[in-house]
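The structure under discussion appears below in the form of structure tokens.
Read the figures in this text as sums done on the coordinates, not as results from a lab. What you are looking at is a predicted structure, and each value in this text was computed from that prediction instead of being measured. No Cβ is skipped: glycine too gets one built from the backbone with ideal geometry, and neighbour counts run over all protein chains shown.
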Amino acid sequence: MNFVVAQEKKIAPTSPGLFIEIARMDSALFGAFNAKDFLKFQSMFSKDLEWYQDNSGLLKYKTVFDNFSTMFKQQPDLERELVMGSLEVHPIKDYGAIETGMHRFRHFENGKEEVGTFKFLMIWQKKDGLWKISRVVSYDH
């Protein structure tokens with residue numbers, strides 16, 4: 001049996017600076033989420049947002065933020081943390097970056113702590129010096 005081995009060649013390697021920049025944006029995004037700072041959280045997404053969720057389908061900007069508004073009121077103790085070591089960042093030429101990873105959400109329900117760990121992918125667009133999320137894929141729920 002003959003095997004052909006191909007060597008992986010990364011066309012667009014991630015610079016340490018881009019990794020740090022996106023990690024900082026992720027931290028700011030979920031700092032606003034955890035503080036329930038709705039306006040700051042919302043401002044970090046583009047108006048043409050598309051949010052793909054395995055158990056909800058495709059959601060657009062208005063629906064996403066109607067849902068977050070309700071969630072922030074109904075679950076004020078809900079918090080998100082990035083799973084250490086799971087963050088990956090990859091550049092998108094002339095657009096921005098792809099962020100992937102795993103995050104853990106926790107809140108109390110019926111006097112008991114509920115914890116779930118899920119996978120995500122976010123597309124960040126850098127426009128006029130500002131980073132905003134234009135696409136989200138939330139899965140493995």
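Some points to look at:
- Whole-Hz Karplus values for region 28-38 come out as 5, 4, 8, x, 5, 4, 5, 7, 6, 7, 4 Hz, taken residue by residue from phi with 6.51 cos²θ - 1.76 cosθ + 1.60 and θ = phi - 60°; glycine and proline positions read x.
- Here the chain is scanned for trypsin sites (Lys or Arg not before Pro) in DSSP loops (not H, G, I, E, B) that have at most 10 other Cβ atoms within 10 Å, and the longest stretch holding none of them is 11-92.
- Net charge of neighbours whose Cβ lies under 10 Å from the Cβ of Phe108, counting Lys and Arg as +1 and Asp and Glu as -1: -2
- Cβ charges +1 (Lys, Arg) and -1 (Asp, Glu), total dipole of the chain, debye: 360
- Asp54-Lys112 FRET efficiency (beta carbon distance; Förster radius 30 Å; 0.05 resolution): 0.75
- Cα long-axis angle, helix 61-74 against the chain (0 to 90 degrees, to the nearest 10): 50
- Nonlocal amide H pairs with Ser86, under 5 Å, H built at 1.01 Å: Met102
- The smallest convex shape that holds all Cα atoms of region 16-139, its convex hull, gives 108 Å³ per residue.
- Length available on full extension from Lys119 to Arg104: 0.36 nm per residue minus the Cα-Cα distance, which gives 4.5 nm.
- Gained length - Ile92 relative to Arg80, 0.36 nm times residue gap less alpha-carbon distance: 1.7 nm
- Proximal lysines to Lys73, defined as alpha-carbon separation beneath 28 angstrom and excluding residues fewer than eight positions away on the same chain: Lys36, Lys40, Lys47, Lys60, Lys62, Lys112, Lys119, Lys132
- Couplings 3J(HN,Hα) of region 96-104, computed from phi: x, 7, 9, 10, 10, x, 10, 9, 10 Hz, in residue order, whole Hz [Karplus 6.51 cos²θ - 1.76 cosθ + 1.60, θ = phi - 60°; x for Gly and Pro].
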